[in-house]
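To start, the structure itself, in structure tokens.
The values are calculated or read from the model by the stated rules, or taken from the named source; none is laboratory data. Bear in mind the structure is a predicted one, so any value in this text is a computation, not a measurement. For neighbour counting, all protein chains shown are included, and Cβ atoms are generated from backbone atoms with ideal geometry for every residue, glycine included. Ligands, DNA and RNA are excluded from the accessible area calculation, which covers all protein heavy atoms including side chains. Shrake-Rupley method; radii C 1.70, N 1.55, O 1.52, S 1.80 Å.
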Amino acid sequence: MQVTETLSEGLKRGFTVTVPATELEGKRDARLKDVAANLNLPGFRPGKVPVSLARQRYGAAVWGEVLEQAVSDAIRAVFDERGLRPAGQPQVDLVSGQDDDGKDLEFKVESEILPEITVPDLSGLTLTRLKAPVAEDAIDKAIEDIAKRGRTFEVVEEVRPVAKGDVIAVDFVGKRDGVAFDGGTAEDVNIEIGGEGFIPGFAEQIEGMSPGEEKVITVTFPEDYGAAELAGKEATFDIKARQIKKPVDAAINDDLAKQIGFESLDQLKDLIRKQIEGEYDQLSRLRIKRELLDELATKTDFEAPANMVEAEFQQIWTRVEADRKDGQIDDEDKDKDEATLRADYRKIAERRVKLGLLLAEIGTKNGIAVSSEELARAVRAEAMRYQGQEQQVFEFFQKNPQAAETLRGPIFENKVVDYLIELAKVTDKEVTPEELSDIPPADI
């Protein structure tokens, strides 16, 4: 094999590679011999099919297979011999030898390479672990919400205007330009005055109505309303009030706990406390991980491969554009023009790529790896996200091992982060739940 370097600029490398035709022909002949030995054709005993016949029938396919393997092996050898690690799939252009015509295989290969990464001194890492105690009023609020969900409604016999906190049963007919629209008619529907979950402005205009009263109201459907033909449109509703109901929350006692499968109210409270502690622990980990990554970002003094940054940026930008379309752009981004937004998110993409490469180097240097058992647990966890379709998810990962490999990255990163937190000097600091959940943006 003959190799000539044609490009060496920054992280870009290029080579022209020539593989002798004799080498390819030898591999072709060996492969055709195997094919012939395993062919079953009428008129020939098993293993006695002539190689010439196998070449006649399968020569083109075998040559393609040999060619693909030769290019792959040659690229690997070129980069391995020079201690280079491609950053992504190399670009290959065939010059000659594509056809089984006795010519040497010649191709050009170009690729960005991963930079040389020196693991910085990590002995001086200092981090702060934020912790928030679980307040009793948070548990009480959770219990109150459970009681509210289990509430009943008592009919108010008194004829009076409906007020905030009441529920009124109504019949309504929704119309656009005076014509009733599909799905806009219903009877005996409970509307909570001051509550959520209905079209904005609907319940507000019903407030003050009395049983038996009729009224026409006008509302505008939200821009993101599920029915596209109504989204952002104005409509009228003919309303007829039927009866007022007063919500009655379930009593907070052992009976409430038993209704949802617990032995006592204390047992329910213990579970809620553990759930809140779990949420706080996750937030605490997010905060200390953010601090760790911000610290590591100051130590990434190497160039990031442009193709990796571009790929990461495109993923980020796709989400940003979707959020902008849905009106969910972050407050700090609302007043930025597109050029500024792109520049900011490209910096974030570059930060992520550099941190990913640094974490990978730290993990490799310290023997951190993802076990098959850990990967299997991740597959099970992923399957559990799709209730009723778990078996299909398992089968998908079994048939697509590369898909399961996408779960390896996050596990590996978390193991490296855990390793670095263990290595660091960590100081615990007690904060309020609000302070704990106020995660600052990444330093870029």
* Using a 1.4 angstrom probe on the protein heavy atoms only, line up 22, 126 by accessible area, largest first. => 22, 126
* Residue order for 141, 399 - accessible surface, 1.4 angstrom probe, largest first -> 399, 141
* **Value of relative contact order over the range 23-181, rounded to a whole percent, pairs C-alpha under 8 Å and six or more apart** => 12 percent
* Identified option (computed log10 I(q)/I(0) by the Debye sum over Cα atoms at q = 0.12, 0.14 Å⁻¹; candidates [x] -1.26, -1.43; [y] -1.08, -1.26; [z] -1.07, -1.49) -> [x]
* Structure fact -> Contour minus Cα-Cα span, residue 68 to residue 265, at 0.36 nm per residue, comes to 64.2 nm
* With all protein chains present, calculate the accessible area of residue 371 using a 1.4 Å probe and round the result to the nearest 10 Å². => 50 Å²
* To do: Quote the accessible area belonging to residue 396 in square angstrom, nearest 10, computed with a 1.4 Å probe and with ligands, DNA and RNA left uncounted.
  => 110 Å²
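Which order do you get for 300, 6 if you rank them by accessible area with a 1.4 Å probe, largest at the top?
On the way: 300 20, 6 85 Å².
Sorted by accessible area, descending: 6, 300.
Averaged per residue, what accessible area in Å² does the range 298-404 show with a 1.4 Å probe, protein chains only?
On the way: 6840 Å² over 107 residues.
With all protein chains present, the range 298-404 gives 64 Å² per residue.
In square angstrom, what is the accessible area per residue of the range 80-120 with a 1.4 angstrom probe? Write out the running numbers ahead of the final one.
Details: 2520 Å² over 41 residues.
Dividing the accessible area of the range 80-120 by its residue count gives 61 Å².
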* Structure fact -> Measure of exposure for residue 384: accessible area at 1.4 Å probe, Å² rounded to 10, is 110 Å²
* Structure fact -> If each K or R counts +1 and each D or E counts -1, the residues other than residue 396 whose Cβ falls under 15 Å of its Cβ total -1
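Given axes a ≥ b ≥ c from the Cα gyration tensor, I'd like to know whether the range 316-444 is rounded (a/c under 1.5), prolate (a/b larger than b/c) or oblate. Present the calculation step by step, with values, prior to reporting the outcome.
Working: a/c = 1.71, a/b = 1.24, b/c = 1.37.
Verdict is oblate for the range 316-444.
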* Which distance in nm do the two modelled labels at residue 84 and residue 25 give, with both placed 7 Å along the Cα-to-Cβ direction? -> 3.1 nm
* Asked: Carbon-plus-sulfur fraction of the accessible area of the chain, 1.4 Å probe, in percent?
  -> 47 percent
* Pop out the ³J(HN,Hα) list for the range 222-233 in order, Karplus 6.51 cos²θ - 1.76 cosθ + 1.60 with θ = phi - 60°, rounded to Hz; leave Gly and Pro as x. => x, 4, 9, 4, x, 8, 4, 6, 10, 4, x, 9
* To do: Just check the range 1-123 against the gyration tensor rule for me: Cα atoms, a ≥ b ≥ c as the square roots of the eigenvalues, rounded for a/c under 1.5, and otherwise prolate or oblate depending on whether a/b exceeds b/c.
  => prolate
* Identify, among 62, 52, 92, the residue whose Cα sits farthest towards the positive end of the charge dipole of the range 48-111, taking +1 on the Cβ of Lys and Arg and -1 on the Cβ of Asp and Glu, with the dipole about the Cα centre. => 52
* Asked: By a straight-distance test (C-alpha under 26 Å), which lysines pair with residue 245 as possible cross-link partners, with residues fewer than eight away in the same chain excluded?
  -> 141, 148, 164, 215
* List the lysines whose alpha-carbon lies under 25 Å from that of residue 425, not counting same-chain residues fewer than 8 positions away? -> 131, 289, 299, 354, 365, 415
* Label points 7 Å out from Cα along the Cβ direction at residue 126 and residue 238: separation in nm? -> 7.5 nm
* To do: Could you pull out every one of the lysines with an alpha carbon less than 25 Å from that of residue 108, ignoring same-chain neighbours closer than 8 positions?
  => 12, 27
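Given the Cα-Cα distance of residue 147 and residue 41 and 0.36 nm per residue of separation, how much length would full extension add, in nm? Could the numbers behind the result be given before it?
Working: separation 106, 0.36 × 106 = 38.16 nm, distance 7.65 nm.
Extra length from residue 147 to residue 41 when fully extended: 30.5 nm.
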* To do: Evaluate the distance, in nm, between pseudo-label points positioned 7 Å from the Cα of residue 134 and of residue 216 along their respective Cα→Cβ axes.
  => 5.5 nm
* **Cut-off 13 Å, label 7 Å out along Cα→Cβ of residue 164, residues of the range 193-213 by amide N** => 193-196, 204, 207-208
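Please work out how much length the chain gains when fully extended from residue 57 to residue 91, using 0.36 nm per residue of separation minus the C-alpha to C-alpha distance, in nm with one decimal. Could the numbers behind the result be given before it?
Numbers: separation 34, 0.36 × 34 = 12.24 nm, distance 3.12 nm.
Here the answer is 9.1 nm.
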